[in-house]
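The values are calculated or read from the model by the stated rules, or taken from the named source; none is laboratory data. Quick caveat: nothing in here was measured; it's all calculated off a predicted structure. Cβ placement follows ideal geometry from the backbone for every residue including glycine, while neighbour counts extend to all protein chains displayed. Areas reflect the complete protein model, heavy atoms only, side chains present, ligands, DNA and RNA absent. Shrake-Rupley method; radii C 1.70, N 1.55, O 1.52, S 1.80 Å.
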Amino acid sequence: MTTRCGTLVALVAAGVLVRPTLMSQTRGGGASEPHTFLRTVAGFSPDDLTRLDGGDPIVRVLDTDKRQVAIVGAVRITASQARLFERYRDISSLKSSDVVLEAGRFGTPPAPGDLRDLHFENYDLETIRVCKPGNCGVRLSTANMERFAHDVNWNAPGWRLQAADLWRQLLAADGAAYMANGTLGDYRNKATPLDVAEEFNAIFESSKYFEAISPEFFSYLKRFPSITLQGAENILYWSKDDINRPVTRVTHLMLYAAPSGARRPGLIATKQIYAAHYFDAGLALTCAFDDGASGFYMLSVNRVRTRSLMGFTRSIVRSMVQRRSREAMEGILKSTKAALER
């Protein structure tokens, strides 16, 4: 139980680094908009908001269904929003984290060579070797499971190299299909197939109160890439994260900076479109809200969906994950504030 709890906590908390909230802003409105959101949607008290104005981070667990974990947090940062956006754009900086072992940015379009620095674990390759639909220790789509079964000579001395090369090809092809058409696959690791697009629909439904903040950004996020949004930046990157075991992930980063004098906050979204283990889907929304003085409020909401918390016996684990994720997010907000203000 402790191992699984620690794993899920690390995954939820990691989202704060490259994911988090949204809100609507009126020029010169100062703290009124973020305070309203944090009070009415997240349930923070007046005392919490006073602590926020004083520079302390505030964090709460949101109510969700059993398949989902959601954390909301905020901190006031005395620095420019531009520094926050620079921090997100620099994918190589992820490797300075204790969690991220390897990371890299995909090109346009994504290609297998973009993953040349990604090294797969023998455990995962050996697991894929015996995978069957409905019984696989790695999250794979139906089509990719079939490719591994037919395209790799599992009896050859170099089967590990073959499997690793094929996995890079499949990750790049899936990334290219997503960036071109928004295509998301399915997971056949369990008896009941899981549609990743449906998982995101559930997350979007839980996050719909953000729509009033920036309708154009939220619509773009849901309908990408079928519509365009002027000023939005898109980055697709891969990472291998040390979360109990190394986990290969692919993430879509959206940046929507607020131009000078804009009546809206700067917005950032990170969408986990693939993970080899643990999480079925994840979305983090971040808002950089002008504080009317010399900085901004960073407001963050992380939502993840997983089948790993289902069942009666998992209720205790779920409570532990929520509590520890709250503590982890508070720590990360503190470190982000310190880094940007340095």
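Side notes on the structure shown:
Okay, residues lined up against (1) within 25 Å of A164 (Cα to Cα); (2) out of contact with any helix residue (DSSP H, G or I) (no Cβ under 9 Å at 6 or more places or on another chain); (3) without any contact (Cβ under 8 Å) to a residue 40 or more places away in the chain:
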position	(1), (2), (3)
N201	no, no, yes
L221	no, no, no
G231	no, yes, yes
D241	yes, no, no
A269	no, no, no
A281	yes, no, no
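- Test for A258: is it open to solvent by 10 Å² or more (accessible area, probe 1.4 Å) and small (G, A, S): yes
One line per residue, one yes/no per condition, for (1) open to solvent by 40 Å² or more (accessible area, probe 1.4 Å); (2) modelled with pLDDT under 95:
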residue: C5; (1), (2): no, yes
residue: Q25; (1), (2): no, yes
residue: L52; (1), (2): no, no
residue: L62; (1), (2): no, yes
residue: R87; (1), (2): yes, yes
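- Single residue of the stretch 94-111 satisfying the filter (surrounded by fewer than 16 Cβ atoms within 10 Å (Cβ to Cβ) and part of a helix (DSSP H, G or I)) that is farthest from the chain's Cα centre (by Cα): S96
- As a summary of the residue check, L170 satisfies the conditions (1) part of a loop (DSSP other than H, G, I, E, B); (2) in contact (Cβ under 8 Å) with a residue 12 or more places away in the chain except for the one numbered (1).
- Hits in the stretch 163-185 - residues which are crowded, with 17+ Cβ neighbours inside 10 Å and not aliphatic (A, V, I, L, M): W167, R168, D174, G175, Y178, G185
- For the criterion of being at pLDDT below 95, among the small types (G, A, S), open to solvent by 70 Å² or more (accessible area, probe 1.4 Å) and at negative phi, S141 fails.
- The residue list A288, A275, A281 contains one member that is closer than 15 Å to V72 by Cα, at pLDDT 90 or above, out of contact with any His (no Cβ under 8 Å at 6 or more places or on another chain) and open to solvent by less than 10 Å² (accessible area, probe 1.4 Å), which is A288.
- F37, sole failed condition from (1) farther than 22 Å from L255 by Cα; (2) part of a helix (DSSP H, G or I); (3) at pLDDT below 95: (1)
- Scan of the stretch 73-106 for residues that are under 24 Å from D174 (Cα atoms), in contact with a Ser or Thr (Cβ under 7 Å, 6 or more places away or on another chain) and among the small types (G, A, S), ordered by number: A103
- Residue among T127, T192 that alone is surrounded by fewer than 19 Cβ atoms within 10 Å (Cβ to Cβ), among the β-branched types (V, I, T), more than 21 Å from the chain's Cα centre (by Cα) and closer than 23 Å to K240 by Cβ: T127
- Whichever residue in the stretch 181-223 is charged (D, E, K, R) and in a helix (DSSP H, G or I) and, among such residues, is farthest from R67 (Cα to Cα): E216
- Residue check, V99 of a type outside the set (S, T, N, Q) and touching a residue at least 12 places away in the same chain (Cβ under 8 Å): yes
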